[in-house]
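Only one structure is covered here, and it is reproduced in the block below.
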Amino acid sequence: MSLYITTPIYYVNAQPHLGHAYTTIVADTYSRFRRLCKEDVRFQTGTDEHGDKIAEAARAAGIAPQEYADRISLLFQEAWPPFNIKPDTFIRTTDEHHIRTVQDILQKVYDQGDIYLGSYSGLYCRGCERFLTEKELVDGKCPDHQTAPQPISESNYFFRMSRYQDWLIDHIHKNPEFITPERYRNEVLSFLSEPLEDLCISRPKSRLDWGISLPFDADFVTYVWFDALINYLSGIGYPDGEEFAQYWAVAEHIIAKDILKPHAIYWPTMLKALGLAPYQRLHVHGYWNINEAKMSKSIGNVVRPETLRQDFGVDTVRYFLLREMSFGLDASFSDESIVARQNSDLANDLGNLFSRSLTMINKFAGGTVPSPADLEPQDKELAGAASHMVTAYTSHMQNFAFNRALQEVWSVISLANRYIVTSEPWVLAKEPSKTPRLNTVLYHLAETLRLIGLVLEPAMPETCIKMATALGISGDAHDKQNLVDHGCWGLTRPGVSIKLGASLFPRLDKKSKQPPQPSPTKKKQESPKGGIKEGSDAGLVSFDDFKRFDLRVAEIKAAEKINKSDRLLKLTVMAPDTRTVVAGIAEFYTPEELVGRQVIMVANLKPTKLMGVTSHGMILASKDEGGGLALSALTHGVPPGSKVS
RNA sequence: GGCGAUGUAGCUCAGCUGGUUAGAGCGCACGGCUCAUAUCCGUGGUGUCCGGGGUUCAAGUCCCUGCAUCGCCA
């Protein structure tokens, strides 16, 4: 069996964040798992580089789009190796080969009549240079430019997606695993219960020229999906590459839920139009919330994978992400929870089991794994549990239930810790007559650890190398380990020498209780020498605490009363991003006198809904005894978004 | 507005096709051990299983309804 696994290609309008890291780590873990099953795996990731957001960002940065794309793409290429992730291909939509493939496919689909010229109409904002949806409008105006968008219609090319709707519904019904988990399959089916509209796949070059030219009309470029999705084919050499022949039939895509529709609807219909079989499975995962808030640039709580890695180490991050999220559902990230996982699961349970077992083999058996003698029920129980772990783990991994697969391993770790307590090797070691019994116990521990180290390899490759090395399996022998040949009990050869090494995982100091919403960019490691006790001076906060507040200068761009409220005003501020803030100042200021003012805002306050409007920050003001109110202000104007400290 | 999901211990969650005193991990309290990374093991408590109604001999589990949160669509 082979496997072709992909992550989405990441859009180069942002740097890698926790979500990218999760998808990619899942893909890598699954790749490693299938390789551990002796299968042939091809793993692809990459970057998506065309489109108006990129053209715009490049313009803002004063460089060419290609240069901009090169820069950000490089950040993605460099992000993965430190996590022990080595994709077989890193594809870019600006690759020559990709561009040619997209054009070939467009021509083919056009020739067979599935692409036609039609007209597209919508509300167009000249300032934004794009169509806005009704939802984005504020009082019928563009929130960024305060102008009413023009209803215009323009010619564009469309893909006849609707033609394949019935086929797709049928395919999803006949293949229950086509889209998993089931909730997303249901969502897609529900969407498909309404007639599909054809898909607009072009943009006139007069508006956007950063894209792939349509081969049959040089006045247009391809828009988004007909470019991006095709990476899955161009990356393996469609139409006549050897790898395409080998891997397309076994393709599985991993995505986050925000791009479900393109992958579950556009992509299969595109493939059908091309006369290709659809992919095998689509695995859809949820979002990581940060301290219960959505991760977003405007809140300023974006978590960078590299920061995490430096703070916690690769395998702790990999383990945490796989263990904490139930694949398909949202999960929440916080420094506290990752510290808790590291301490309890990794340091106390696994690390300590490993350390105490090896120490005992070293002390009580001269540093070699002894031969087991007669078995007692508890030995059989442990061996049975370890064998069962391998099969249960395998089936959970197949189903993308990484958290459950890991739980299976931890139930054996916990059993092994109990096994030590009940068999008391340190007591056995004191009586020479008990040596055979002692040897049996030590052998069982070594063998259990070998199997644990074997199955944990996909999730924690680095740790497993350390474990295998300590147990006398090193280098080449370790690389050749697999579940098929080495997944059963009893393969450790008595007499093999163990090597003591450093602890697998250090225990981390628990940070003192924190209110939610710490600044995630902050380094978690305080100087251990600092020694300042927090909370000992009632009412005083440390400078570190203060630093967690992100205070910014916000310029008020628009203000309006919120219906049904006497006190609340809805403010649109620039800091420098545009965001909505609700302030309880309507009794003191009219909307008109506020526009243009600069005030001080708490920029990383957890968003909250007031009278139905979500507020992303808090404006600072002072209320005097007489009931008056004065807004915070600066002595002279500064660039919006400047930091206040 | 339409469709759907979710609501279970302080926290995070598991509870398949309805069936004995509702579970796990973390946290907390107490006890034990000393091989080990102040680790490990044992014991313990708390739950109107979101509210209300219904079906059934029996409902956290099915049906209706209300509330809350979230998602998709419009």
Mind ranking A:324-335, A:36-47, A:114-125 by how tightly packed they are, going by the mean number of other C-beta atoms within 10 angstrom, highest first? A:36-47, A:324-335, A:114-125
Entries in A:K38/A:K86; A:K108/A:K272; A:K363/A:K430; A:K53/A:K570; A:K363/A:K434 that, when Cα-Cα distance is taken, lie over 20 Å: A:K53/A:K570
Taking a crude spin-label model, label points 7 Å out from Cα along the C-beta direction, the A:E593 to A:S503 distance in nm is 6.2
Between A:R356 and A:M1, what's the calculated FRET efficiency when r is the beta-carbon distance and R0 is 45 Å? Round to 0.05. 0.70
Based solely on C-alpha atoms, express the radius of gyration and the Dmax of region A:335-486 in angstrom. 15.6, 50
Simple spin-label estimate for A:D166 and A:I152 in nanometres, 7 Å along Cα-Cβ: 3.9
Summed side-chain charge close to A:A21 - residues other than A:A21 whose Cβ falls under 11 Å, Lys, Arg +1, Asp, Glu -1: +1
Point-to-point label distance, A:V638-A:A218, nm (Cα→Cβ direction, 7 Å offset): 5.3
Mean Cα-pair separation over length for region A:335-486, i.e. relative contact order, pairs under 8 Å, 6 or more apart, %: 27
Please compute the length gained on full extension between A:S193 and A:S206, using 0.36 nm multiplied by the number of residues separating them and subtracting their Cα-Cα distance. 1.0 nm
Between the alpha-carbon centers of region A:163-182 and region A:413-450, tell me the distance in whole angstrom. 53
Rank-order A:376-388, A:475-487, A:272-284 by packing density, defined as the average count of other C-beta atoms within 10 Å over each peptide's residues, highest first. A:272-284, A:376-388, A:475-487
What percent does the relative contact order of region A:290-422 come to when contacts are Cα pairs within less than 8 Å and at least six residues apart? 28
A:A256 long-range amide H proximity, modeled H, under 5 Å: A:H285
With a Förster distance of 56 angstrom and the Cβ-Cβ distance between A:Q407 and A:R126, calculated FRET efficiency to the nearest 0.05 equals 0.50
Separation between Cα centres of region A:360-391 and region A:1-59, rounded to whole Å: 41
Around A:Q165, what is the net charge, scoring Lys/Arg as +1 and Asp/Glu as -1 over all other residues with Cβ under 14 Å from its Cβ? -2
Spatial separation of Cα centroids for region A:322-354 and region A:242-280, in angstrom: 33
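Throughout, read-outs are computed from the coordinates displayed, never taken from laboratory work. What you see is a predicted model; the values in this text were computed from it and never measured. Counting neighbours? That spans all protein chains shown, and the Cβs are built from the backbone with ideal geometry, glycine included.
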